[in-house]
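What follows draws every value from the coordinates through simple rules; no lab data is involved. Given the structure is predicted, the values throughout are model-derived calculations rather than measurements. Don't worry about glycine lacking a Cβ; one is built from the backbone with ideal geometry, like all the others, and counts go over all protein chains shown.
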Amino acid sequence: MEEVVHASGHENVAAEHASTFEVTTDDYLTPAGDCILGIDADRAPADFDPAFVRACQSADATITVTLDADGHTATVTGRGDPALTFESDRSAVGRTSDYVDDRTVLVDADAAAADLNRELAAALAAGADLTVTLRVDPA
């Protein structure tokens, strides 16, 4: 099962956060948002299909996020968790930790914003369009 989110890069994309990455529906980004990769997203976790959400609520589910901007791609893999609610109508956050809140879409991710290739980060800082594809493989 997949969910796709389209967002835009922004001049303040730094992709320097060591434990998270985020895509937000907000239409602005301050330099403090060093985990944010894309703004003005067309969808938030609250918009995802209930069947997708249920599949992600298994601790044994594998969740893969593919980030694509101007031909630069990165893949982040993590897992689901029974505490995932996908209730945020604003932001989707991937975490390297097991912390969960209403914005969290995967935990125990193998990469955060700071780990992404710099070409992808530069494309986003130049304002490239971002496609975020979330795929869940239930256990």
Inset, instruction - Give me the number: length gained by fully extending Asn117 to Thr73, i.e. 0.36 nm times residue separation minus the C-alpha to C-alpha distance, one decimal in nm. - result: 15.0 nm
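What is the gain in length, in nm to one decimal, between Ser97 and Asp42 on full extension, counting 0.36 nm per residue of separation less the C-alpha to C-alpha distance?
Working: separation 55, 0.36 × 55 = 19.80 nm, distance 2.62 nm.
Once the chain is fully extended between Ser97 and Asp42, it gains 17.2 nm.
To the nearest 0.05, how large is the calculated FRET efficiency for Ala32 and His6 if R₀ is 30 Å and r is the Cβ-Cβ distance?
Working: r = 24 Å, r/R0 = 0.80.
Efficiency, rounded to the nearest 0.05: 0.80.
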Inset, instruction - Would you please state the base-10 log of I(q)/I(0) at q = 0.20, 0.21 1/Å for the chain, with intensities from the Debye formula using one equal scatterer on every alpha carbon? - result: -1.12, -1.23
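What Kirkwood hydrodynamic radius, in Å, does the stretch 1-50 give when the mean of 1/r is taken over all pairs of distinct Cα atoms and then inverted? All intermediate terms of the calculation are to be shown ahead of the outcome.
Numbers: mean 1/r = 0.0877 Å⁻¹.
Value: 11.4 Å, from the Cα pair sum.
Ranking Asp102, Asp49 by Cβ neighbours within 10 Å, fewest first, what do you get? Each step should come with its number before you reach the end.
On the way: Asp102 16, Asp49 12.
Final ranking by Cβ density, sparse to dense: Asp49, Asp102.
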Inset, instruction - Could you calculate the FRET efficiency of Thr62 with Asp129 from 1/(1 + (r/R0)^6), where r is the beta carbon distance between them and R0 is 22 Å, rounded to 0.05? - result: 0.25
Legend entry - MRE, 222 nm, helices only [DSSP H, n ≥ 4, -39500 (n - 2.57), over the chain, to nearest 500]: -3000 deg cm²/dmol
